[in-house]
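A.B. asks: Sending over a structure as structure tokens; questions will come in a sec.
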Amino acid sequence: MADEGLISYKRDPIKSSVGNAAAQKRRQHAVSVGKERREAFMRTKRLCRVGVSGDSDDASLDDGDMMIEEEQSILEARTSSAVDELKLAVAYQGKGETQKRVNALRELRRLLSKSEFPPVEVALQAGAIPLLIQCLSFGSPDEQLLEAAWCLTNIAAGKPDETKALLPALPLLVAHLGEKSSLHVAEQCAWALGNVAGEGEQLRNVLLLQGALPALARMMLPNKRSTVRTAAWALSNLIKGPDPRAATELIKIDGVLDGIIRHLKKGDDELATEVAWVVVYLTALSNVATTILAKSDLVQVLVERLAVSSSLQLLIPVLRSLGNLVAGDTHITNVVLVAGHEITGNAVQALVKCLKGEHRILKKEAAWVLSNIAAGSVEHKRLIYSSEAMALLLHLLSTAAFDIKKEVAYVLGNICVAPAEGSGRPNVILDHLVNLVRGGCLTGFLDLVRSADVEAARLGLQFIELVLRGMPNGEGPKLVEREDGIEAMERYQFHENEELRSMANELVDKYFGEEYGLDD
């Protein structure tokens, strides 16, 4: 039976139904969130300016050599001429025909590599694709294959319609990933396919039907750094869903799990980053993949990377992968991070390091991971509560940007409640609640109640309910009133959201009704 995709059953014990919805929403958006994070540092589709062989080329340009806008028309004219030259070279038969083709391909490739906005449309209108397909035919010299694949790579990095123009070339590009191709040719073809896969689900499905997944997976198994990095990047584009079947198929391929762990453990930051993004999509989409990865040494490797790396590009997918693993059901969390074990303590300390950092993205991601850990067992909650994380979380709740504050609130809220019993109403962990309220967190939760964000307001109201119900000696209502909490809740008296309106009105009626204050 096909894997139906990973649905998170991680509780938010403040209110289990809300927790399921919030966690599931996070998992459903894992792909889009990952894409946003990734595109902050590297394009989903990438121009190739320097060959995969690493050889220097007098036409390879750095950013300082980019053509200025005024020269674009000249570039387009030269590109059209270069395609015409390629037509002549492909038709030519005679002495030196191979070198003639290579020279024509190299000129076109240089022109397609020279500008920030390559003249792809001009090349397509001039008829470049059929010519490049001819130059990819099996039996052609490696130099010719490499140049043709390089041209296709940069065409695929263009606009959606330009990328789709590669459809007739895809079978040959996939075929050249095979063991009979040289490593440089295979890697360049993988780069082209990664650009195609990055365009969208429709083209990903075409590539999957044509067998690109196992072919790219094989390229990720050896220890050739450049090849593994390119293959991993292409795979992360290919399996990013939303259909989970590709992710499930990938993790089942012999050697893939071992390769992922090996490259994450021993690879440099750049290589490990690409492999970590593969793990992000595996754990975001596939229940089968998550179960397999949870039983491996992956968590320890992720925690080790988290503890020692200073690379923002690497830390983001590592955090996202770890968070996805512990955002599953409680059983998986207990397998991944056993309370009391050294690896779990190390994970919390690594997350504390991220909370202390300067990067807001890391703070938000680290808080998200901690919120999932805090939604686990009582032992997990006590582990976080007794750690250095608590002071940082309280500080962030009052000072951080809103999106970070909301994630922090999930951590603090989850720490204060034990799993629900019977009616589904969560039990308060009294010492946690009392000390957090004494630490000043009530103001931060009331700020969430006052926000326009429905999820944040709901979370704030849930915590206010804990305070009203759980604080000893009946002091909860007085604490809430002192912080203008009654006014904050009365804002929802006629709110359009039925759930928020009902929650707020019930709290006001129950704790601040007609008899409130008569005993004072």
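The values are calculated or read from the model by the stated rules, or taken from the named source; none is laboratory data. Worth saying up front: this structure is predicted, and the values here are computed from it rather than measured. With ideal geometry, Cβ positions are generated from the backbone for all residues, glycine too; neighbour counts draw on all protein chains shown. Remember, those area values only see protein heavy atoms, side chains included, never the ligands or the DNA or RNA. Shrake-Rupley method; radii C 1.70, N 1.55, O 1.52, S 1.80 Å.
A.B. asks: Can you tell which of ILE251, ILE261 is of a type in the set (A, V, I, L, M, F, W, C), part of a helix (DSSP H, G or I), open to solvent by 20 Å² or more (accessible area, probe 1.4 Å) and at pLDDT 95 or above?
C.D. replies: Working: ILE251 fails: open to solvent by 20 Å² or more (accessible area, probe 1.4 Å).
Of ILE251, ILE261, the one residue that is of a type in the set (A, V, I, L, M, F, W, C), part of a helix (DSSP H, G or I), open to solvent by 20 Å² or more (accessible area, probe 1.4 Å) and at pLDDT 95 or above is ILE261.
A.B. asks: Out of region 359-378, which residues are within 19 Å of VAL335 (Cβ to Cβ), surrounded by fewer than 24 Cβ atoms within 10 Å (Cβ to Cβ) and in contact with a helix residue (DSSP H, G or I) (Cβ under 9 Å, 6 or more places away or on another chain)?
C.D. replies: Listed by number, the list holds a single entry, SER377.
A.B. asks: Only one of these conditions is not met by ASP161: (1) assigned to a helix (DSSP H, G or I); (2) open to solvent by less than 70 Å² (accessible area, probe 1.4 Å); (3) of a type in the set (Asp, Glu). Which number is it?
C.D. replies: Only one criterion is unmet by ASP161, namely (2).
A.B. asks: Can I ask one more? Please indicate, with yes or no, whether at least one residue in region 491-499 is in contact with a Phe, Trp or Tyr (Cβ under 7 Å, 6 or more places away or on another chain), modelled with pLDDT under 95 and in the same structural domain as GLY444 (by the TED database).
C.D. replies: If we filter region 491-499 for residues that are in contact with a Phe, Trp or Tyr (Cβ under 7 Å, 6 or more places away or on another chain), which is where we start, we get none.
Looking for residues that are in contact with a Phe, Trp or Tyr (Cβ under 7 Å, 6 or more places away or on another chain), modelled with pLDDT under 95 and in the same structural domain as GLY444 (by the TED database), one finds none in region 491-499, hence no.
A.B. asks: Looking only at region 473-490, which residues are surrounded by fewer than 15 Cβ atoms within 10 Å (Cβ to Cβ) and touching a Phe, Trp or Tyr at 6+ places or on another chain (Cβ under 8 Å)?
C.D. replies: none
A.B. asks: Among the listed residues SER226, SER137, which satisfies the condition of being open to solvent by 20 Å² or more (accessible area, probe 1.4 Å), out of contact with any strand residue (DSSP E or B) (no Cβ under 9 Å at 6 or more places or on another chain) and not in a helix (DSSP H, G or I)?
C.D. replies: Values: SER226 fails: not in a helix (DSSP H, G or I).
Going through SER226, SER137 in turn, the sole match is SER137.
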